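The values are calculated or read from the model by the stated rules, or taken from the named source; none is laboratory data. What you see is a predicted model, and the numbers here were worked out from it, not measured in a lab. Virtual Cβ from ideal backbone geometry, glycine too; neighbours counted across all protein chains shown.
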Amino acid sequence: MGERWPSIPYHEGAKILIDNLQTVLDAQFDSNVRATGHNYEKYNNWETIAAWTADIAAQNANLVSRTQIGTTFQGRPLYLLKVGKSGSNKKAIFMDCGFHAREWISPAFCQWFVKEAVSTYGSDTLMTRLLNNLDFYVLPVLNIDGYVYTWTNYRMWRKTRSTNSGSSCIGTDPNRNFNAGWCSIGASKKPCDETYCGSAPESEKETKALADFIRKNLSTIKAYLTIHSYSQMLLFPYAYTYSLPENYAELNTISKAAVEELASLYDTKYTFGASASTIYPAAGGSDDWAYNEGIKYSFTFELRDKGRYGFALPESQIKPTSEETLKAVKYIANYVLDHLY
């Protein structure tokens, strides 16, 4: 059966409201040990996801290509999938998953999105329209080193796995590491803290690779979606200030319609709004940074649930969570496509 996870101690950043967390995690682990190969309704480890990125591109060469945009601190390749029908002068939407290592539902959704894109192209009218007219850049896991660590050592790990000068504590919070009000509020300058902002903006190889790619492709990237968990929210800038973005009314209207679309499937209720007032103030987030770079449609999803399972969302919820989230993502993408020019 292989090695079990170590026992999961309680720790402050993980407010999980179930008594049998270890049992839930053991069940997830056992099912993944039994499973062979990639499965869209299971949590897949990094090796399986990496192999999947190659397979999905090879099997769908007309719609998917894979590039490497950098490496992690520990040397793992950061694979990016480009999903869309080839065409000239196409605009793009960038979507990333797996910023925080313990948020396993996030990479599961990115994989689900790509599956749905290739399997419904040509039959689903909206998906076909989107892929004919837009490209989707999908980064299935940003914080790969941290994700691997949640499989091998500590399920509730959040940060990267980089070393910190002058400290024995490991890792930086990648979503406090961007140059958007960096380390001014809702972030820590202490390397041992969960929300450590890093030694400087983009100090992490992972965040630098992401930022470099977006900067290089700013003329084509028209929307930025970053997928997190949990709390069932759709958020937009700003998080580092209570000031509202220039197109606040538009972002608010899009969010309202997107969460209504999401709820239409399983009646899952999402709240929405500007990040600082809707969830909490936090500086250095990728969505605020992308917005300030000129990407006016910038959103953060906080997927299921509201705290019963928290970061340990059962695998039985991967499919419904992904299905409903897909509806919201398609809504936003279609809005962006309609308002390109």
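Key figures for this structure:
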item: Residue among Leu225, Leu235 that alone is assigned to a strand (DSSP E or B), within 18 Å of the chain's Cα centre (by Cα) and either free of Cβ contacts under 8 Å to residues at least 40 places away in the same chain or under 16 Å from Phe178 (Cα atoms) (or both); result: Leu225
item: The stretch 270-286 residues that are part of a strand (DSSP E or B), paired with ones that are crowded, with 23+ Cβ neighbours inside 10 Å and of a type in the set (Asp, Glu) (beta carbon under 8 Å, 6 or more apart); result: none
item: Positions within the stretch 49-70 being in contact with a strand residue (DSSP E or B) (Cβ under 6 Å, 6 or more places away or on another chain) and of a type in the set (Val, Ile, Thr), in sequence order; result: Thr53, Ile56, Val64, Thr67, Ile69
item: Flag if Gly166 is crowded, with 23+ Cβ neighbours inside 10 Å and more than 17 Å from the chain's Cα centre (by Cα); result: no
item: Pair list, Cβ < 9 Å and 6+ apart or interchain, from the stretch 166-187 residues that are among the hydroxyl-bearing types (Ser, Thr, Tyr) to residues that are surrounded by 19 or more Cβ atoms within 10 Å (Cβ to Cβ) and part of a helix (DSSP H, G or I); result: Thr172/Thr207
item: Some residue of the stretch 186-206 being under 30 Å from Tyr331 (Cα atoms), touching a strand residue (DSSP E or B) at 6+ places or on another chain (Cβ under 8 Å) and modelled with pLDDT of 95 or more; result: yes
item: Filtered residues of the stretch 306-316 (kept if of a type outside the set (Phe, Trp, Tyr), in a helix (DSSP H, G or I) and in contact with a strand residue (DSSP E or B) (Cβ under 9 Å, 6 or more places away or on another chain)); result: Gly310
